[in-house]
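The values are calculated or read from the model by the stated rules, or taken from the named source; none is laboratory data. In this text the structure is predicted, and so the values were computed from the model without any measurement. Here the Cβ is made from the backbone with ideal geometry for all residues, glycine too, and neighbour counts use every protein chain on show.
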Amino acid sequence: MRSRLRGTCAALLASPLLLVLAACGGGGTPAAAPEASASLALEKRGPPPATSKTVTAQECDRSVLGDTISPESIGEPVSGITLNDWTWVAATANTPAYCRVGGSMTPIDPAAPPINFRVALPSTWNYRYVQVGGGGMNGSIPGLTGGPGAGTPTYLARGWAVAGSDSGHSGFGAEWALNDEAMKNLGYMQMKKTRDAAWVLMKRLYGGKPYFAYWVGGSQGGREGLTVMKKYPSDFNGIVVTVPIVNFSSLMLAPEWLRIQEKPLANWVTPAKRTAIVTEMMRQCDGLDGLQDGIINNYPACRAIFDVNQGAAGRDPWAAKRCPGNVDPDPADTSANACLTDGQISTLHFKHTRYQFATRSPSTRAPSACGCPARTRGASA
Ligand SMILES: [Ca+2]
């Protein structure tokens, strides 16, 4: 470890960074010496070594991994990084032994929350790294011991180091959103900061950096993946994104529009109608994927049936459930036989109508064929 740090400092001494010079010559703890951001680039010397790097429980220790990471090692501004967890986790049936390292990044603005992050460093590392995205509005560190799909090897079992963060706020509250730095952390900075911190820890434990780095995320994590592709394109070799929330502000408006649609009592789809609605959609959509198995796999085709603002005009996909004369004989009926009033069907039309993003020209928006309100209320929405 000492020889690696000597090498790092020797390289840094050739740089004009006075802070770096002070850190190398100032007698601080070796692990606190900044790894210059230039040294945090992806390895580009060709294929990774054929032999994986192995580490032991004894190396998963603060004496090797350090107590801190220098802010100069991170590509976005932080005021400090402290490590608070150096735990060797024994192997299980699906997960090899790994070194779990946790830490906290102190913001520049004292009023902003910290970024809590965690890195899982496998006992056998094959020079690969994956960063996993969050979900919803984040607020917790995602699990690092999973994999890309059920029944497939976990990332750790593949020999990959894994990292993630809480994105710069903790829990389900929303007060953090009033802070500009916290918003920027959620938007993009936390991905870069976490990646660079993980880079430092891999160098400290393994003595080298990854040859391949990947991002994997869905929903909010998918949006994060698209963001790192745009803002930090040299940080990752590959990005796997599912259902990304690419227009976050507009998406957040969607449930509000639905609530507005349902404010008139006549339009409220009561919980009692759940089974009737599910049963009718299943009746029309289950077989679209070629198999009557109670699972709607061809959901795009199903959505097309119930989106009356697309396709032929005048369609009435809820005709079989429409209450005769717009009179519900038993509003409390929770069975599949319950019917729907015109107002309730109007809400279902609204819900299945494609969202017209606010950035789209009004002249190109699809005309309403269902008589239901448009889902974009003007260009300023
Ligand atoms: Ca099916």
Helices (runs of 4 or more DSSP H) (entirely within the range 167-273) containing at least 1 residues that are closer than 18 Å to residue 81 by Cβ, charged (D, E, K, R) and without any contact (Cβ under 8 Å) to a residue 60 or more places away in the chain: 180-184
Residue that is modelled with the highest pLDDT, among those in the range 336-371 that are in a loop (DSSP other than H, G, I, E, B) and under 29 Å from the mean Cα position of the chain (by Cα): 353
Evaluation of residue 235 against (1) surrounded by fewer than 21 Cβ atoms within 10 Å (Cβ to Cβ); (2) over 15 Å from residue 138 (Cβ atoms) (one fails), failing number: (1)
Residue selected from the range 264-293 under the condition surrounded by 12 or more Cβ atoms within 10 Å (Cβ to Cβ) and within 11 Å of the ligand (Cβ to nearest atom), by the criterion farthest from residue 337 (Cα to Cα): 289
Selection within the range 290-316 - of a type in the set (Gly, Ala, Ser) and farther than 14 Å from residue 278 by Cα: 290, 301, 304, 311, 312, 313, 314
Filter pass, residue 136 being surrounded by fewer than 17 Cβ atoms within 10 Å (Cβ to Cβ), of a type in the set (Gly, Ala, Ser) and at positive phi: yes
Checklist (1) on the phi > 0 side of the Ramachandran plot; (2) near the ligand (Cβ under 8 Å from one of its atoms); (3) not in a loop (DSSP other than H, G, I, E, B) applied to residue 325, failing item: (2)
In the range 230-255, the residues that are polar (S, T, N, Q) and at pLDDT 90 or above: 234, 237, 242
Output for the range 284-306, where each listed residue is in a loop (DSSP other than H, G, I, E, B) and either farther than 24 Å from residue 344 by Cβ or at pLDDT below 95 (or both): 290, 291, 292, 293, 294, 295, 297, 298
Odd one out for residue 344, checked against (1) buried (at least 17 other Cβ atoms within 10 Å of the Cβ); (2) within 16 Å of the ligand (Cβ to nearest atom): (2)
Which numbered condition residue 296 misses (of (1) among the β-branched types (Val, Ile, Thr); (2) at positive phi; (3) within 16 Å of the ligand (Cβ to nearest atom)): (2)
Residue, modelled with the highest pLDDT, within the range 34-54, restricted to residues that are aliphatic (A, V, I, L, M) and either in contact with a Leu (Cβ under 6 Å, 6 or more places away or on another chain) or surrounded by fewer than 18 Cβ atoms within 10 Å (Cβ to Cβ) (or both): 50
